[in-house]
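Only one structure is covered here, and it is reproduced in the block below.
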Amino acid sequence: MENKLDDGKVDVSIVVPLYNEEESLPELTKAIEEALAATFKYEIIFVDDGSTDRSFAVVQQLSINDKRVKGISFRHNYGKSVALQAGFERVQGDYVVTMDADLQDDPNEVPEMIAMLKGGLDLVSGWKKERFDPISKTVPSKFFNFVTRKAAGIHLHDFNCGLKAYRKEVVENIYLYGELHRYIPMLAKQEGFTRIGEKVVKHHPRKYGKTKFGLSRFINGFLDLITILFVQKYFQKPMHFFGSVGILLLSAGTVVNLYLASIKILFGVGIGDRPLLFLGILLMVLGVQFLSTGLIGELVNINHVRRQKPNIREQF
């Protein structure tokens with residue numbers, strides 16, 4: 001293969017996380033070359049997420065034949081988000097594209113997605129409008145996308161599509177862990193990259209291996225959605241959440257206990273064995289605990305705020 005990166009400059013970085021995909025890698029590399037070589041100077045960064053087959057050996061051989069191919073190998077399986085983050089930290093191109101290694105994503109979609117970025121978008125997400133996945137994967141995916149679309153306020157049909165394109169500054173300002181790769185558009189929007197578009201892309205049937213999708217990943221994805229929504233709203237002001245709940249509980253407990261104290265003092269009614277007394281005490285204790293949690297959150301957060309650098313769009 002001819003190396004077209006003579007001047008060392010890279011236009012497009014392709015980040016491909018993989019796990020046990022040795023059969024598909026040579027074919028994917030060839031497909032990327034056919035789609036991009038005539039138009040872009042590119043690099044492919046394969047991130048082997050602890051494969052137990054010969055995947056990384058295949059990547060090493062591909063790199064010998066084509067210096068545009070780079071490789072990162074993990075000692076064990078960390079998950080797709082960590083693999084993408086490792087790739088993002090190494091990219092050199094002005095534009096970054098992510099795609100899966102299973103040949104279901106079509107590299108021929110990339111040039112048009114890059115053109116959309118050049119037209120002013122920060123992020124372009126693929127939409128697998130016609131899918132070739134089993135119903136056990138497509139039905140949960142539709143539900144997941146509906147909930148995420150409503151929660152995020154971002155009108156995308158397929159948040160979980162592996163084929164996405166970004167301006168480099170987007171991936172430089174987000175950090176992935178857990179299952180957060182599903183929510184990259186939300187993380188980008190949170191950092192001020194609001195120009196988010198979508199492109200219908202071809203989706204091919206899986207040719208080799210088997211899907212890595214499971215119910216646990218679906219559940220974990222929703223837990224991560226809750227985390228993002230909470231952090232997005234209250235990360236800089238934890239006391240606003242915990243303090244509000246704490247004051248509500250403490251006030252309710254105080255009202256209950258004042259009521260019990262008044263009937264005891266005014267009417268001599270015994271209150272020691274009344275369940276309402278225990279409820280009032282419990283509410284007050286919980287209220288104090290929530291307020292304390294908010295204060296601790298503020299103390300933990302203050303160091304982060306002092307170190308935080310703003311995401312500057314432009315300066316003179």
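Is there any pair linking a residue in segment 237-250 that is closer than 11 Å to VAL288 by Cα and of a type in the set (A, V, I, L, M, F, W, C) to one that is at pLDDT below 85 and buried (at least 19 other Cβ atoms within 10 Å of the Cβ), with Cβ under 6 Å and at least six apart or on different chains, and which?
PHE242/GLY294
Looking at LYS30, LYS67, which one is of a type in the set (D, E, K, R) and farther than 24 Å from VAL171 by Cα?
Result of the check over LYS30, LYS67: LYS30.
Is it the case that segment 264-274 has a residue that's in contact with a Lys or Arg (Cβ under 9 Å, 6 or more places away or on another chain) and modelled with pLDDT of 85 or more?
Yes, the conditions are met somewhere in segment 264-274.
Contact list please: Cβ distance under 6 Å, first residue in segment 164-175 and in contact (Cβ under 8 Å) with a residue 60 or more places away in the chain, second residue assigned to a loop (DSSP other than H, G, I, E, B), pairs at least six apart or on different chains.
ARG167/ASP122; LYS168/ASP94; VAL170/ASP122; VAL170/PHE193; ASN173/GLU191; ASN173/ASN311
I'm trying to understand the selection: among the residues of segment 96-121, which are buried (at least 23 other Cβ atoms within 10 Å of the Cβ), in contact with a Gly (Cβ under 8 Å, 6 or more places away or on another chain) and of a type in the set (A, V, I, L, M)?
Hits for segment 96-121 are MET99, MET113.
Counting only residues that are part of a loop (DSSP other than H, G, I, E, B) and farther than 18 Å from PRO17 by Cβ, which one in segment 118-132 is modelled with the lowest pLDDT?
Among those that are part of a loop (DSSP other than H, G, I, E, B) and farther than 18 Å from PRO17 by Cβ, it is PHE132.
Here are some residues: ASP94, ASP53. Which one is touching a residue at least 12 places away in the same chain (Cβ under 8 Å), among the charged types (D, E, K, R) and touching a helix residue (DSSP H, G or I) at 6+ places or on another chain (Cβ under 9 Å)?
Being touching a residue at least 12 places away in the same chain (Cβ under 8 Å), among the charged types (D, E, K, R) and touching a helix residue (DSSP H, G or I) at 6+ places or on another chain (Cβ under 9 Å) holds for just one of ASP94, ASP53, which is ASP94.
Conditions tested, residue by residue: (1) surrounded by fewer than 16 Cβ atoms within 10 Å (Cβ to Cβ); (2) in a helix (DSSP H, G or I); (3) in contact with an Asp or Glu (Cβ under 7 Å, 6 or more places away or on another chain); (4) modelled with pLDDT of 95 or more.
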| position | (1), (2), (3), (4) |
| --- | --- |
| ASP7 | yes, no, no, no |
| LYS30 | yes, yes, no, yes |
| THR52 | yes, no, no, no |
| ALA83 | no, yes, yes, no |
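Which residues, counting only those in segment 32-50, are assigned to a helix (DSSP H, G or I) and surrounded by 20 or more Cβ atoms within 10 Å (Cβ to Cβ)?
Initial filter on segment 32-50 (assigned to a helix (DSSP H, G or I)): 32-36.
Answer for segment 32-50, where residues must be assigned to a helix (DSSP H, G or I) and surrounded by 20 or more Cβ atoms within 10 Å (Cβ to Cβ): ILE32, LEU36.
Of all residues in segment 148-172, which are out of contact with any helix residue (DSSP H, G or I) (no Cβ under 7 Å at 6 or more places or on another chain) and either part of a helix (DSSP H, G or I) or more than 26 Å from PRO107 (Cβ to Cβ) (or both)?
Matches in segment 148-172: ARG149, LYS150, GLY153, LYS168, GLU169, GLU172.
Is there a residue in segment 245-262 that is at pLDDT below 90 and touching a helix residue (DSSP H, G or I) at 6+ places or on another chain (Cβ under 8 Å)? If you could, list the steps in order and put the result at the bottom.
Just the residues of segment 245-262 that are at pLDDT below 90, to begin with: none.
The answer is no; no qualifying residue exists.
So, in segment 173-215, of the ones that are of a type in the set (Asp, Glu) and part of a loop (DSSP other than H, G, I, E, B), which residue ends up modelled with the highest pLDDT?
So the residue we want is GLU191.
The values are calculated or read from the model by the stated rules, or taken from the named source; none is laboratory data. Just so we're clear, the structure is a prediction, and the values are computed from it rather than from any experiment. Positions of Cβ are generated from backbone atoms using ideal geometry, with glycine treated the same way; all protein chains shown enter the neighbour counts.
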